[in-house]
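Report on one structure; see the data block that follows.
The values are calculated or read from the model by the stated rules, or taken from the named source; none is laboratory data. Since we're looking at a predicted model, the values are computed, not measured. Note that each Cβ is placed from the backbone with ideal geometry, even for glycine, and that neighbours are counted across all protein chains shown.
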Amino acid sequence: MKKKHRNSRRDFIKKSVAASSIMIIPRHVLGGPGYLAPSDQLNLAAIGSGGKGASDISNASVQGREHVAALCDVDFSGSASKTAQKFPKAKQYADYRVMLDKEKDIDAVTISTPDHVHGPAAAYAMERGIHVYVQKPMTHNIREARMLTEMAREKKIVSQMGNQGGSNPLLNMVQHWIDSDELGAISDVQIWTNRPVWPQGVPMPDPNPSLKPDALNWDLWLGPAKEKPYTPNMHPFSWRGWWDYGTGALGDVGCHLIDIPFRTLGLKYPKSAECSVGSVFSRMWTPDYNPEGCPSSSFITINFDASEKSKSPIKMTWSDGGIRPAHPDIIPADSDIGGKESANGVLIIGQKGIISTNINDSSPLMPKLYRYDGTTDFGPEVEEMIEPEYGHQRKWVDACKAGFGSKEHLALTSSFDYAGPMTETVLMGNLAIRSYLIRKENSKGQMEYYGRKKLLWDGENMRITNFEEANQFVTRDYREGFKI
């Protein structure tokens, strides 16, 4: 009966939004306790209420238009405390499972946790018919991304990944240049970032339970990851550099950078990937080896078949750790490539010219078209953001009200039908990195890195076809209570 009540309430809200475009009926006219007027709000909840979660739930509330019913966080003593102050009537929880089981009238939830919790938390909500907004990367591994994509279709969930730059209207300028054949045949895409800007490529810190903050529920922070004593500095941010919790530089900004060519070129699953990573030598001739963590720098090549928009196969390269591609001759030597100081960027390279853009988070996209005939076409250097983060969260909320399959839903720029395959591509780079680091000792006592090869990918079946051991990284092991 409770499930029926929840679904009936959501159906009513959906119908009420359509009706409200004609007239607003006062609650007293409709009458009856608990009856929902067309102007009623969605009941929202947040899983992860501090850090990025603070702006996600705030933007989803649309300046109080929607009702924030509950907040979940493993530590309300940090930045989540400000969110609790902003929404003082919201009930507080440490465990998202308890919150979603107890709060029966939640319609939609924002999920802004460390990467390793994205998939389990989203699946738990979606199984209960709750719409989801999930921070990037959508999931911690490829299998989770495929599962959530299929679950959203099956259960008619309105979904959105938190790569807010996907709603930047200036992407339409890049799309127009490509669709109008300004570049001619496109064969190469080069992407780079200054990340990591947190500890990475170093040994894992030693656990020290005596340093655990009293307010932090460490066991719930670990979630699906293996049980481990409290490790200083993982929470709230340095988790990004460790495979058990984060997804490195790719997971941090790959969904902002790779999104630009993946979207505008209409790319699908990659067909192969290969990589190399930077080595750090603390002693002569022997590279440091920290397989539990992401490397300090990497260079990845991902290959795609031709798409309807690209017309020819695409070679996409990714470099992080501050390593960037060479400055193209077509771009003046004193001009930045990508964004400011060339720290992050994308180059889409064709026969007729090159498109250069910045990272597409909430930074200015700075789209520039350089043609080999000497002409150029530039977008604005400074963007006027009419609403927070291009309305990315607000548009999701509107789509939740309009319902699955509505025009508002279909207009979302990062629903899981799109964000799932794009996230899989991002995580394909991490699969290549982790395979590159596999090693074993040979009969001479030397280490052999036998995973350093071009990996052939069967996207439909989510399998590396020429190196079986790499397939362990398509998924992960889960602690009991968090399996999906």
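Of note:
- Matching option when the condition is surrounded by 19 or more Cβ atoms within 10 Å (Cβ to Cβ) and either over 27 Å from Tyr269 (Cα atoms) or in contact (Cβ under 8 Å) with a residue 40 or more places away in the chain (or both), among Met385, Met316: Met316
- Of the helices (runs of 4 or more DSSP H) lying entirely inside region 392-438, those carrying at least 3 residues that are within 30 Å of Gly451 (Cβ to Cβ) are 416-436.
- Among the residues of region 77-136, the ones that are within 25 Å of Lys156 (Cβ to Cβ) and part of a loop (DSSP other than H, G, I, E, B) come to 12 in all.
- For region 210-222, the set of residues classified as surrounded by fewer than 22 Cβ atoms within 10 Å (Cβ to Cβ) and not hydroxyl-bearing (Ser, Thr, Tyr) consists of Leu211, Lys212, Pro213, Asp214, Ala215, Leu216, Asn217, Trp218, Asp219, Leu220, listed by residue number.
- Filter result for His176 (more than 16 Å from His409 (Cα to Cα) and in a helix (DSSP H, G or I)): yes
- Only one of Pro295, Pro328 that is more than 21 Å from Ile355 (Cβ to Cβ), surrounded by 14 or more Cβ atoms within 10 Å (Cβ to Cβ) and not basic (Lys, Arg): Pro295
- Scope region 197-234; condition in contact (Cβ under 8 Å) with a residue 24 or more places away in the chain and touching a helix residue (DSSP H, G or I) at 6+ places or on another chain (Cβ under 6 Å); matching residues: Trp198, Pro199, Gln200, Gly223, Pro224, Ala225, Pro232
- Residue match in region 153-160 (condition: at pLDDT 95 or above, assigned by TED's automatic domain parsing to the domain that holds Ala60 and in a strand (DSSP E or B)): yes
- Taking residues in region 168-196 that are assigned by TED's automatic domain parsing to the domain that holds Gly374 and under 12 Å from Lys309 (Cα atoms), and partners anywhere that are at pLDDT below 95 and buried (at least 22 other Cβ atoms within 10 Å of the Cβ), the pairs with Cβ atoms closer than 7 Å and at least 6 places apart or on different chains are Ile186/Ser310.
- Subset of region 357-382 that is hydroxyl-bearing (Ser, Thr, Tyr), in contact (Cβ under 8 Å) with a residue 40 or more places away in the chain and in a strand (DSSP E or B) - its residue that is farthest from Gly184 (Cα to Cα): Thr357
- Total residues in region 189-238, condition β-branched (Val, Ile, Thr) and closer than 28 Å to Asp336 by Cβ: 4
- Here Met428 qualifies as touching a strand residue (DSSP E or B) at 6+ places or on another chain (Cβ under 6 Å), touching a residue at least 24 places away in the same chain (Cβ under 8 Å), surrounded by 23 or more Cβ atoms within 10 Å (Cβ to Cβ) and not small (Gly, Ala, Ser).
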